[in-house]
Amino acid sequence: GIDLSVRCGRGRIPGRVSVQLFEEYIFPIASPELAGEIGHGDPARLLKFPLINDSDASAWRAWLAAQDIDYRPRPQDRRFEDYNLVLDAAAHGLGIALARPPLTQAQLKTGRIVAVDDRTALNPVSYWLVGRPRAAAADLARRIAAQAGLATEKLEAFLQDDA
């Protein structure tokens with residue numbers, strides 16, 4: 001079996017021992033060329049372009065709701081099941097995606113994609129450490145938790161949890 005995993009999701013998995021590692025704040029990104037067309041200003045301007053979603057539209061709903069804009073997916077919007085494909089689509093100018101900072105940092109740094117709005121919103125999904133680690137995996141759990149900045153007491157509760 002699997003002793004330990006890091007998962008991205010909406011919360012605890014029933015019947016599994018888990019602890020939230022961290023949350024992320026999302027913001028819109030696009031290719032530098034498309035960003036030039038998008039410009040700056042009212043967040044509603046983004047709706048003039050295709051929005052790129054990963055497996056569902058909840059992140060875009062959250063970001064737009066934080067800007068007081070109601071959103072339902074539209075025919076021109078694009079959906080990919082793999083976040084790497086979302087980033088590739090954005091980099092190739094196919095629309096606007098949402099940056100998930102732990103996964104987009106390198107591409108933002110190289111300029112392959114750029115932010116098109118400074119406003120952020122809490123992503124409805126977050127990162128979780130899941131499993132029932134045996135002693136051998138507890139050290140790995142401690143290193144992952146330290147990297148994520150997880151409080152020691154939360155980690156110890158996770159390591160001692162019996163689900």
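At 0.36 nm per residue, minus the direct Cα-Cα distance, what do Y83 and L103 gain on full extension? Give it in nm, one decimal, please.
Separation in residues times 0.36 nm, less the Cα-Cα distance, equals 6.3 nm.
Could you give me the ³J(HN,Hα) list for region 68-78, computed from phi with Karplus coefficients 6.51, -1.76, 1.60 and θ = phi - 60°, whole Hz, x at Gly and Pro?
For region 68-78, the Karplus-derived couplings read 6, 10, 7, 9, 10, x, 10, x, 6, 6, 10 Hz, x marking Gly and Pro.
Please compute the length gained on full extension between A136 and R72, using 0.36 nm multiplied by the number of residues separating them and subtracting their Cα-Cα distance.
My answer for the length gained is 18.4 nm.
Could you work out how much longer the chain between E23 and S58 gets when fully extended? Use 0.36 nm per residue separation minus the Cα distance between them, nm to one decimal.
Additional length available on full extension: 11.1 nm.
May I ask for the net charge around D118, where only other residues with Cβ less than 15 Å from the Cβ of D118 are counted and Lys, Arg are +1 while Asp, Glu are -1?
Within the 15 Å Cβ shell, the charges total 0.
Report for region 25-122 the percent antiparallel among DSSP-assigned beta bridges with both residues inside it, nearest 5.
Restricted to region 25-122, the bridges split so that about 70 percent are antiparallel.
Taking 8 Å as the Cα distance limit and 6 or more residues as the minimum spacing, I'd like the relative contact order of region 63-163 as a percentage.
Across region 63-163, relative contact order equals 20 percent.
Within the set of other residues whose C-beta is less than 11 Å from the C-beta of N53, count the net charge using Lys and Arg as +1 and Asp and Glu as -1.
Net of charged neighbours comes to 0.
Scanning the chain for helices, which whole DSSP H stretches are 18 Å or more long along the axis (Cα) and average 0.0 or more by Kyte-Doolittle?
135-148
Please give the peptides 69-78, 91-100, 110-119 ranked by average Cβ packing (other Cβ atoms within 10 Å per residue), highest first, as a rough proxy for protection.
Averaged packing, sorted descending, gives the order 91-100, 110-119, 69-78.
Only one of the values (1) 38, 21, 12; (2) 34, 16, 14; (3) 28, 16, 16 was calculated from this structure for semi-axes √(5λ) of the Cα gyration tensor in Å; name its label.
Of the listed options (1) 38, 21, 12; (2) 34, 16, 14; (3) 28, 16, 16, (2) comes from this structure.
Under 5 Å between amide hydrogens, which residues at least 5 positions from D56 or on another chain qualify, with H placed 1.01 Å from N in the peptide plane?
HN-HN under 5 Å from D56: empty list.
Any read-out appearing in this document is the output of simple, stated calculations on the displayed coordinates, not a laboratory observation. It should be emphasised that the depicted structure is a prediction, and the values quoted were computed from it without experimental measurement. Quick reminder, even Gly has a Cβ in these numbers, built from the backbone with ideal geometry, and neighbours come from all protein chains shown.
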